[in-house]
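Here the structure is laid out as structure tokens; the discussion comes afterwards.
The values are calculated or read from the model by the stated rules, or taken from the named source; none is laboratory data. This structure is a prediction, so every number in the text was calculated from the model and none was measured. A quick note on method: Cβ atoms are made from the backbone with ideal geometry, for glycine too, and the neighbour counts reach across all protein chains shown. Accessible surface is based on the protein model in full, side chains and every heavy atom, while ligands, DNA and RNA are left aside. Shrake-Rupley method; radii C 1.70, N 1.55, O 1.52, S 1.80 Å.
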Amino acid sequence: MTRSRSRTMAILRKEFIHIRRDPRSLLIAVIMPVALLFIYGYGVSSDITDIRLGVVDWSRTRESRELISAFTSSGYFAVVLRSDRYADMERALDAGDIRAALVVPAAYAADITRKGASSVQILLDGSDPNTATVAAGYAEGIVGNRSAIIVRERTLRSGGARRSRAALTPEVRVWYNEDLRSANFIVPGLIAVILAMTSALLTSGTIAGERERGTIEQLAASPASAREIMLGKIAAYVTLAFADVVLVVLVGRLWFGVPFRGSPLLLVLSSGVFLMAALGLGLLFSARMPTQQTAIVAALMTTMVPSILLSGFFFPISSMPKVVQVITTVVPARYFMVITRGIFLKGIGLAELWPPILSLAALSVVIMAAGISSFKKRV
Amino acid sequence: MSEAAILCRDLVKRFGAFTAVDRVSFEVKPGTVFGFLGPNGSGKSTTIRMLCGLLLPTSGRAAVGGVDVARNPEGVKRQIGYMSQRFSLYQDLTVRENLEFYAGVYRIPRRERQARIEEVMTRTGVIADAGTLAGDMSVGVRQRLALGAALLHRPAIVFLDEPTSGVDPISRRRFWTLIGELSAEGITALVTTHHMDEAQRCDELVLMRTGRVVARGTPADLIVAHAPPVILSVRCDRPQEALAIVQKTSGVRRAAVRGVRLHVAAEDDGLAERLDAELTSAGHACTEVRRIGATLEDVFMELAMGEAPP
Ligand SMILES: Nc1ncnc2c1ncn2[C@@H]1O[C@H](COP(=O)(O)OP(=O)(O)O)[C@@H](O)[C@H]1O
Ligand SMILES: [Mg+2]
């Protein structure tokens with residue numbers, strides 16, 4: 001056992017030398033994650049302000065005016081169109097004059113006073129899904145805040161007898177990101193994206209590269225087993241990927257001020273599980289593809305692209321077509337995204353997160369087993 | 001007599017419908033230098049890779065150091081050293097790093113490791129380049145490093161696949177001095193080569209062609225058994241033009257220009273006069289027609305380039 005470990009250690013040490021000597025790997029391991037953090041962290045959080053908003057206020061009450069001013073005073077929306085006709089909003093959205101429209105029903109104030117609840121309609125321009133998603137988040141948050149204020153006022157009026165009953169309940173979904181900073185949402189998700197991308201990029205080249213350079217021949221003629229070779233390589237890239245996790249958490253925490261409410265240990269452990277899947281995929285392609293180039297492209301297509309598009313990173317899975325939703329169940333990043341956001345923002349632990357962790361673990365084991373077994377020593 | 005270090009019996013390797021190695025049989029005595037000759041594509045590397053446990057034979061049997069290559073390839077790998085045809089150490093690692101890596105892979109005990117690496121570097125003459133990246137070295141030094149890596153774990157048998165191709169003559173000689181030393185220490189070496197002077201230094205040889213062994217024995221045996229009956233060295237003016245005339249003369253098996261002379265493999269002794277007459281009548285001034293001794297080169301040309309074996 002310890003003797004087998006020494007062989008794996010030799011391979012790990014050698015991989016580190018390759019990584020150190022290859023400027024591309026430093027680029028992938030250090031520069032790229034930081035660049036992504038800044039591109040997404042800033043690109044999404046600060047660029048989307050003054051979203052052009054159209055307003056239809058059929059209520060024309062103090063309550064409805066308060067809601068509208070909550071939108072404008074947030075800084076995220078600027079009212080550029082007012083009308084009584086719904087069709088005007090549709091036309092303006094079509095023409096791109098507005099990005100979003102707020103429709104307050106006639107019964108808004110009456111409903112709140114009498115039933116204690118109401119709903120408003122928000123129309124979004126889906127042609128720019130990024131902005132739409134962020135705008136939806138903002139809008140839901142603003143409505144949620146209004147709701148909380150209404151509840152508070154009511155409880156105060158009624159002498160605190162009836163406690164919390166939300167006024168504008170159904171839309172409130174971003175309650176854990178209370179200051180509506182999308183960086184809080186983006187940075188934890190980026191951990192999944194960055195880990196998937198770096199581990200796929202770094203590992204996918206390794207076996208195919210040895211085959212291309214002919215070095216696999218010497219290794220295959222040695223008594224090192226395929227398992228020892230794979231484990232040594234995995235150990236090297238896991239170390240590197242964990243350094244990336246720390247890097248992203250630190251930059252997210254210190255630069256973007258993203259809260260970290262959960263257990264660091266749970267983040268490390270679940271990252272480990274996710275890495276198994278990401279590295280396993282990289283190795284799978286590395287062993288199966290004829291050249292380093294095709295291996296890298298294949299690894300990127302199967303790890304990076306789904307981890308951005310099919311993971312819930314940008315687009316909520318619940319709003320995807322049914323077929324696509326089914327596909328996302330085999331995307332490891334989908335589960336890891338839920339885990340990291342839960343740990344960072346909600347501070348929840350194993351008690352709540354065990355279902356996604358379990359799904360992720362199952363996927364990881366399957367992928368890693370396929371990755372390891374795909375490398376045959378015969379050349 | 002001790003057991004053969006390497007033993008092949010009817011070894012066959014097919015790639016799909018193509019037979020790369022066709023019923024190859026030979027034995028290598030321990031401590032000898034065994035040469036593998038044959039034109040490109042004749043199946044030398046494929047045979048070596050089967051013997052190293054890298055390729056599974058399609059049929060036949062082979063044992064290296066008494067271990068069956070098909071049944072226990074990992075057992076074979078533990079006791080052999082292998083230098084592949086293409087340089088297969090890491091070009092982005094230094095000489096020392098490459099050796100340290102393989103010392104780890106072969107599980108050389110930690111306390112012995114540095115001494116063993118120094119010893120190998122000294123022996124192969126790469127110690128001055130210990131800190132140089134393998135990719136920055138000349139082919140000659142690189143090949144000596146590859147040999148060093150193959151010797152690190154003190155194997156009893158080494159397979160060297162074209163270790164001197166692309167290497168300058170001085171480095172080649174140095175390389176063969178090393179092979180001679182190994183042999184003196186009792187290490188068995190199987191070496192493939194294209195150079196006849198190197199083949200001459202082998203204890204025994206096999207000559208392969210289209211996957212088959214077409215001749216085997218000591219260099220002297222091969223010359224006796226397979227050299228053409230008569231070899232003539234012809235000196236005349238405009239040898240390039242004269243070649244066409246010589247090739248058409250009856251009794252000439254093969255002819256080639258060697259510098260200012262023509263090297264002619266002939267059926268019988270009487271050809272010397274006929275050649276002289278033919279060339280003179282064609283207007284070539286023939287200054288000398290001399291009978292010379294056959295070399296391995298003649299054997300190689302005869303067997304490898306002549307009619308295909310049945
Ligand atoms: N993996 C392979 N798949 C298909 N054909 C191969 C393979 N390896 C070698 N060959 C073919 O087998 C023949 C013998 O090759 P090789 O053993 O490398 O010859 P040599 O070493 O004598 O030059 C060649 O025609 C080569 O193209
Ligand atoms: Mg060859």
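Pairs, please: C-beta under 8 Å, at least 6 apart or cross-chain, first residue in the same structural domain as A:Arg65 (by TED's automatic domain parsing) and in the range A:141-156, second among the aromatic types (Phe, Trp, Tyr) and part of a helix (DSSP H, G or I)?
From the range A:141-156, the pairs are A:Ile142/A:Phe71.
Conditions first: (1) in a loop (DSSP other than H, G, I, E, B); (2) within 16 Å of ligand 1 (Cβ to nearest atom). B:Arg71 passes all but one, so which condition is the exception?
Evaluating B:Arg71 over (1) in a loop (DSSP other than H, G, I, E, B); (2) within 16 Å of ligand 1 (Cβ to nearest atom) leaves (2) as the failure.
Does the range B:28-63 hold any residues that are assigned to a strand (DSSP E or B) and within 11 Å of ligand 1 (Cβ to nearest atom), and which are they? Working first, answer last.
Step one: list which residues in the range B:28-63 are assigned to a strand (DSSP E or B), which gives B:28, B:33-37, B:59-63.
Scanning the range B:28-63 gives B:Phe36, B:Leu37.
Just a yes or no: is a residue in the range A:214-221 free of Cβ contacts under 8 Å to residues at least 24 places away in the same chain, open to solvent by 10 Å² or more (accessible area, probe 1.4 Å) and assigned to a helix (DSSP H, G or I)?
Within the range A:214-221 (the criterion being free of Cβ contacts under 8 Å to residues at least 24 places away in the same chain, open to solvent by 10 Å² or more (accessible area, probe 1.4 Å) and assigned to a helix (DSSP H, G or I)), the answer is yes, since at least one residue qualifies.
Would you mention how many residues in the range B:225-267 are of a type in the set (A, V, I, L, M), in contact with a Leu (Cβ under 8 Å, 6 or more places away or on another chain) and loosely packed, with under 15 Cβ neighbours inside 10 Å?
1
Taking the stated definitions as given, is B:Ala146 more than 16 Å from ligand 2 (Cβ to nearest atom) and within 19 Å of B:Cys52 (Cα to Cα)?
On the way: more than 16 Å from ligand 2 (Cβ to nearest atom): no; within 19 Å of B:Cys52 (Cα to Cα): yes.
For B:Ala146, the condition - more than 16 Å from ligand 2 (Cβ to nearest atom) and within 19 Å of B:Cys52 (Cα to Cα) - is not met.
Looking only at the range B:51-66, which residues are surrounded by fewer than 19 Cβ atoms within 10 Å (Cβ to Cβ) and within 12 Å of chain A (Cβ to nearest Cβ)?
Matches in the range B:51-66: B:Leu56 only.
Test B:Gly104 against the stated conditions and say whether it is facing chain A (nearest Cβ under 9 Å), open to solvent by less than 60 Å² (accessible area, probe 1.4 Å) and touching a Pro at 6+ places or on another chain (Cβ under 7 Å).
Working: facing chain A (nearest Cβ under 9 Å): yes; open to solvent by less than 60 Å² (accessible area, probe 1.4 Å): yes; touching a Pro at 6+ places or on another chain (Cβ under 7 Å): no.
Answer is no for this residue.
Mind telling me which of the residues A:Leu202, A:Leu250 ends up being more than 14 Å from chain B (Cβ to nearest Cβ) and surrounded by 24 or more Cβ atoms within 10 Å (Cβ to Cβ)?
Working: A:Leu250 fails: surrounded by 24 or more Cβ atoms within 10 Å (Cβ to Cβ).
Unique residue meeting the criteria: A:Leu202.
Which condition breaks for A:Ile234 when tested against (1) more than 14 Å from chain B (Cβ to nearest Cβ); (2) touching a strand residue (DSSP E or B) at 6+ places or on another chain (Cβ under 7 Å)?
(2)
Considering only residues that are over 30 Å from B:Leu37 (Cβ atoms) and open to solvent by 10 Å² or more (accessible area, probe 1.4 Å), look in the range B:75-100 and name the one that is farthest from the other protein chains (Cβ to nearest Cβ).
B:Arg96
Residues of the range B:132-189 being within 16 Å of ligand 1 (Cβ to nearest atom) and open to solvent by less than 30 Å² (accessible area, probe 1.4 Å), which ones?
Looking only at the range B:132-189, we keep the residues that are within 16 Å of ligand 1 (Cβ to nearest atom), and these are B:159-166.
Answer for the range B:132-189, where residues must be within 16 Å of ligand 1 (Cβ to nearest atom) and open to solvent by less than 30 Å² (accessible area, probe 1.4 Å): B:Phe159, B:Leu160, B:Asp161, B:Glu162, B:Pro163, B:Thr164.
Can you confirm whether B:Arg14 is away from ligand 1 (no atom under 12 Å from the Cβ), open to solvent by 60 Å² or more (accessible area, probe 1.4 Å) and not in a loop (DSSP other than H, G, I, E, B)? Spell out how you get there, then give the answer.
Working: away from ligand 1 (no atom under 12 Å from the Cβ): no; open to solvent by 60 Å² or more (accessible area, probe 1.4 Å): yes; not in a loop (DSSP other than H, G, I, E, B): yes.
Here the answer is no, as B:Arg14 does not meet what is asked.
Within the range A:1-22, can you find the residues that are modelled with pLDDT of 85 or more and open to solvent by 60 Å² or more (accessible area, probe 1.4 Å)? Give the steps one after another, and end with the answer.
First, pick out the residues of the range A:1-22 that are modelled with pLDDT of 85 or more: A:7-22.
A:Met9, A:Arg13, A:Phe16, A:Arg20, A:Arg21, listed by residue number.
Which one is farthest from the other protein chains (Cβ to nearest Cβ) among residues in the range B:107-118 that are out of contact with any Asp or Glu (no Cβ under 8 Å at 6 or more places or on another chain) and among the charged types (D, E, K, R)?
The selected residue is B:Glu118.
Would you call B:Arg86 under 25 Å from the mean Cα position of the chain (by Cα) and at pLDDT below 95? Full working, then the answer.
Details: under 25 Å from the mean Cα position of the chain (by Cα): yes; at pLDDT below 95: yes.
Yes; evaluated as a whole, the condition is true for this residue.
Looking at B:Arg216, B:Arg238, B:Arg172, which is the one that is outside the structural domain of B:Pro30 (by TED's automatic domain parsing) and over 11 Å from the mean Cα position of the chain (by Cα)? Give the steps one after another, and end with the answer.
Working: B:Arg216 fails: outside the structural domain of B:Pro30 (by TED's automatic domain parsing); B:Arg172 fails: outside the structural domain of B:Pro30 (by TED's automatic domain parsing).
From the options B:Arg216, B:Arg238, B:Arg172, the qualifying one is B:Arg238.
Can we say A:Ser6 is among the polar types (S, T, N, Q), over 30 Å from A:Leu124 (Cβ atoms) and over 24 Å from the mean Cα position of the chain (by Cα)?
Values: among the polar types (S, T, N, Q): yes; over 30 Å from A:Leu124 (Cβ atoms): yes; over 24 Å from the mean Cα position of the chain (by Cα): yes.
For A:Ser6, the condition - among the polar types (S, T, N, Q), over 30 Å from A:Leu124 (Cβ atoms) and over 24 Å from the mean Cα position of the chain (by Cα) - is met.
Please report, ordered by residue number, the strands (runs of 3 or more DSSP E) entirely within the range B:181-239 with at least 3 residues that are more than 30 Å from B:Ser59 (Cβ to Cβ) and more than 16 Å from ligand 2 (Cβ to nearest atom).
Details: elements: B:188-192, B:204-209, B:212-217, B:230-236.
Because the criterion is at least 3 residues that are more than 30 Å from B:Ser59 (Cβ to Cβ) and more than 16 Å from ligand 2 (Cβ to nearest atom), the strands (runs of 3 or more DSSP E) in the range B:181-239 that meet it are B:230-236.
Scan the range B:48-67 and tell me whether some residue there is within 16 Å of ligand 2 (Cβ to nearest atom), β-branched (Val, Ile, Thr) and touching a strand residue (DSSP E or B) at 6+ places or on another chain (Cβ under 8 Å). Walk me through how you get there before you give the answer.
Narrowing the range B:48-67 to residues within 16 Å of ligand 2 (Cβ to nearest atom): B:48-52, B:54-55.
From the residues that got through so far, the ones that are β-branched (Val, Ile, Thr) too are B:48.
Keeping just the survivors that are touching a strand residue (DSSP E or B) at 6+ places or on another chain (Cβ under 8 Å) gives B:48.
Yes, there is a match, as at least one residue in the range B:48-67 is within 16 Å of ligand 2 (Cβ to nearest atom), β-branched (Val, Ile, Thr) and touching a strand residue (DSSP E or B) at 6+ places or on another chain (Cβ under 8 Å).
Taking B:Ser25 as the residue in question, decide whether it is more than 15 Å from ligand 1 (Cβ to nearest atom) and among the polar types (S, T, N, Q). Don't jump to the end; show me each part of the working.
On the way: more than 15 Å from ligand 1 (Cβ to nearest atom): yes; among the polar types (S, T, N, Q): yes.
Judged against the criteria, B:Ser25 is a match.
Search the range B:19-44 for residues that are assigned by TED's automatic domain parsing to the domain that holds B:Thr193 and of a type in the set (Ser, Thr, Tyr) and pair each with any residue that is part of a helix (DSSP H, G or I) and within 16 Å of ligand 2 (Cβ to nearest atom) when their beta-carbon atoms are under 9 Å apart and the residues are at least 6 apart or on different chains.
Between residues of the range B:19-44 that are assigned by TED's automatic domain parsing to the domain that holds B:Thr193 and of a type in the set (Ser, Thr, Tyr) and residues that are part of a helix (DSSP H, G or I) and within 16 Å of ligand 2 (Cβ to nearest atom), the close pairs are B:Ser42/B:Ala304.
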